[in-house]
Amino acid sequence: MTNQALLCVIATAFSFCVGNGLAQAQTPPGQKPLTAGEFFKNVKILANLPVNEFMTTMGFFSASLGYSCENCHGADTGWENYAADNQANKQTARRMILMMTAINKTYFGGKQVLTCYTCHRGGDQPTITPNLAALYSPPPEEPKDIVQQAKGAPSVNQIFGKYIQALGGPQHLANLTSIAAKGTMLGYGVGAEKQSLEIYAKAPGQRTMIIHSPEGDNVTTLDGPSAWIAGPQIAGPEIPVPVLILTGGDLDGLKLEANLTFPSSISQAFSQWRVGLQTEIDDHQVQVVQGSSPGGAFATLYFDADSGLLIRVMRYTDSFVGRFPTQIDYSDYREVSGIKVPFRWTVVWLDGQQTFELTEVKLNVPIEATRFAKPSLPPPALQ
């Protein structure tokens, strides 16, 4: 995937110019993240979103309509085409966002009931004719995002206790202070190739993942309270963003993953928990546990009913345009120094999929503080 292909989701519905079109130089980590309106030129809607959330929003539009970047920006022959504000789809997208907002405000008290996906369902045109085959067939199973507490279900503490025991027991996990791992990452798409991977994690909430791509290292870091992505996949020659600060759901997601890296504190991931009805994943009965926080973040955890191991996490982020889902499937648990560790997991989100496989895992090893240090940036300069 080229830098342009990766970053074209930034502008699915909006026009901006790159190079001479930058409105302001980037903000170093630790300061307030730049908004889309500050960083990109000619953003007419959603200008107050941080840049990373703006990019994720473009992925929501793409998933809702089954579109790729080229549907709104023309052929992928250069960023000058993306900057041109001559695509009818861009104008339509702007009108649709205003229409959706007005309907939710007028008829649903401002609640987010109607989204792009409500009508489009992955197609460029909403369907107006009922499907007779679907009408007389069993309805497709679409699990609800919000899990209701089930009567007679085991308690959260029972499920978490079984999980902790399955991993190696509370004593082993309480002594877990750091993890260093190596492996590979395989992206999704034609021509995707495995890339080498390093992971460093330190309790209670620091985690760095380094993907060694042909263009250079792509580093995602959580230092505890803040997170960022640095590397050439973000900082291509066309977009000078050597460090992308993560906020909102992106930050919450990394904090959850760091929490699950040291499972003895799993109950602290959210302030409220509920246990739903059992369901089935890949012919396995699973216990369903959902956590939420007063701020609105929530995630659903699926534990194998027999082994007790965590096999799936679904986390959600509410946004101005809809709810973003991210699914992580864990498998191939192996014992390392008395603790079971998933050696394979697949992450799927609205505009991407990555499969990670570990080849080497070391526990309780020294990890330099520099692994979680914020990168130094060159002096900001207008382009």
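The values are calculated or read from the model by the stated rules, or taken from the named source; none is laboratory data. Because the structure is predicted, anything quoted here is derived from the model rather than measured. Glycine also receives a Cβ, built like all others from the backbone with ideal geometry; neighbour counts cover every protein chain displayed. In case anyone asks, the SASA skips ligands and DNA or RNA and just uses the protein heavy atoms, side chains included. Shrake-Rupley method; radii C 1.70, N 1.55, O 1.52, S 1.80 Å.
Just give me the residues in segment 332-351 being among the hydroxyl-bearing types (Ser, Thr, Tyr) and open to solvent by less than 70 Å² (accessible area, probe 1.4 Å), in sequence order. Answer for segment 332-351, where residues must be among the hydroxyl-bearing types (Ser, Thr, Tyr) and open to solvent by less than 70 Å² (accessible area, probe 1.4 Å): Tyr333, Thr346.
In a residue-by-residue description of segment 116-139, the property of being open to solvent by 40 Å² or more (accessible area, probe 1.4 Å), among the polar types (S, T, N, Q), under 24 Å from the mean Cα position of the chain (by Cα) and under 24 Å from Ser292 (Cβ atoms) applies to at least one position.
Is there a residue in segment 134-154 that is of a type outside the set (Val, Ile, Thr), outside any loop (DSSP other than H, G, I, E, B) and closer than 26 Å to Ala297 by Cβ? Checked against the condition, which is being of a type outside the set (Val, Ile, Thr), outside any loop (DSSP other than H, G, I, E, B) and closer than 26 Å to Ala297 by Cβ, segment 134-154 yields no hits at all.
This table checks each residue for (1) touching a helix residue (DSSP H, G or I) at 6+ places or on another chain (Cβ under 6 Å); (2) closer than 17 Å to Gly352 by Cβ; (3) at pLDDT below 90.
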{"site": "Leu49", "(1), (2), (3)": "yes, no, yes"}
{"site": "Cys69", "(1), (2), (3)": "yes, yes, yes"}
{"site": "Ala84", "(1), (2), (3)": "no, no, yes"}
{"site": "Gln91", "(1), (2), (3)": "no, no, yes"}
{"site": "Lys105", "(1), (2), (3)": "no, no, no"}
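Of all the criteria given as (1) in contact (Cβ under 8 Å) with a residue 60 or more places away in the chain; (2) within 15 Å of Ile328 (Cα to Cα); (3) touching a Phe, Trp or Tyr at 6+ places or on another chain (Cβ under 8 Å), the one not satisfied by Ile245 is (2). Exactly one residue out of Ala192, Ala203, Ala180, Ala174 is more than 19 Å from the chain's Cα centre (by Cα), of a type outside the set (D, E, K, R) and closer than 18 Å to Tyr333 by Cα: that is Ala180.
State yes or no: is Tyr302 of a type in the set (Phe, Trp, Tyr), surrounded by fewer than 20 Cβ atoms within 10 Å (Cβ to Cβ) and part of a strand (DSSP E or B)? Here the answer is no, as Tyr302 does not meet what is asked. Taking segment 310-354, which residues are closer than 21 Å to Ile97 by Cα, touching a helix residue (DSSP H, G or I) at 6+ places or on another chain (Cβ under 7 Å) and charged (D, E, K, R)? Once the filter is applied, which keeps residues that are closer than 21 Å to Ile97 by Cα, touching a helix residue (DSSP H, G or I) at 6+ places or on another chain (Cβ under 7 Å) and charged (D, E, K, R), segment 310-354 yields only Asp351.
If you go through segment 117-165 and keep only what is of a type in the set (Gly, Ala, Ser) and touching a helix residue (DSSP H, G or I) at 6+ places or on another chain (Cβ under 8 Å), you end up with Gly122, Gly123.
In the set Val289, Val365, Val321, Val313, only one residue is open to solvent by less than 20 Å² (accessible area, probe 1.4 Å) and not in a strand (DSSP E or B); that residue is Val321. Taking the numbered list (1) free of Cβ contacts under 8 Å to residues at least 60 places away in the same chain; (2) on the phi < 0 side of the Ramachandran plot in turn, Asp145 passes all entries but (1).
Here's the yes/no breakdown for (1) open to solvent by less than 20 Å² (accessible area, probe 1.4 Å); (2) closer than 21 Å to Thr261 by Cα; (3) outside any helix (DSSP H, G or I); (4) free of Cβ contacts under 8 Å to residues at least 12 places away in the same chain:
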site	(1), (2), (3), (4)
Leu176	yes, yes, yes, no
Thr184	no, yes, yes, no
Gly191	no, no, yes, yes
Ala201	yes, yes, yes, no
Pro204	no, yes, yes, no
Met209	no, yes, yes, no
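For Asn104, state whether it is outside any loop (DSSP other than H, G, I, E, B) and over 22 Å from Ile339 (Cβ atoms). Yes. Within segment 249-280, the only residue that satisfies the criterion of being of a type in the set (A, V, I, L, M), more than 30 Å from Asn364 (Cα to Cα) and open to solvent by 20 Å² or more (accessible area, probe 1.4 Å) is Leu277.
Being charged (D, E, K, R), open to solvent by 70 Å² or more (accessible area, probe 1.4 Å) and in contact with a Gly (Cβ under 8 Å, 6 or more places away or on another chain) is true of Lys162. Annotation note: Cβ proximity below 7 Å between a residue of segment 99-117 that is farther than 19 Å from Leu65 by Cα and a residue that is of a type in the set (Lys, Arg) and at pLDDT below 90 (sequence gap 6+ or interchain) occurs for Asn104/Lys111.
Based on this model, can you work out whether Lys111 counts as modelled with pLDDT under 90 and assigned to a loop (DSSP other than H, G, I, E, B)?
yes
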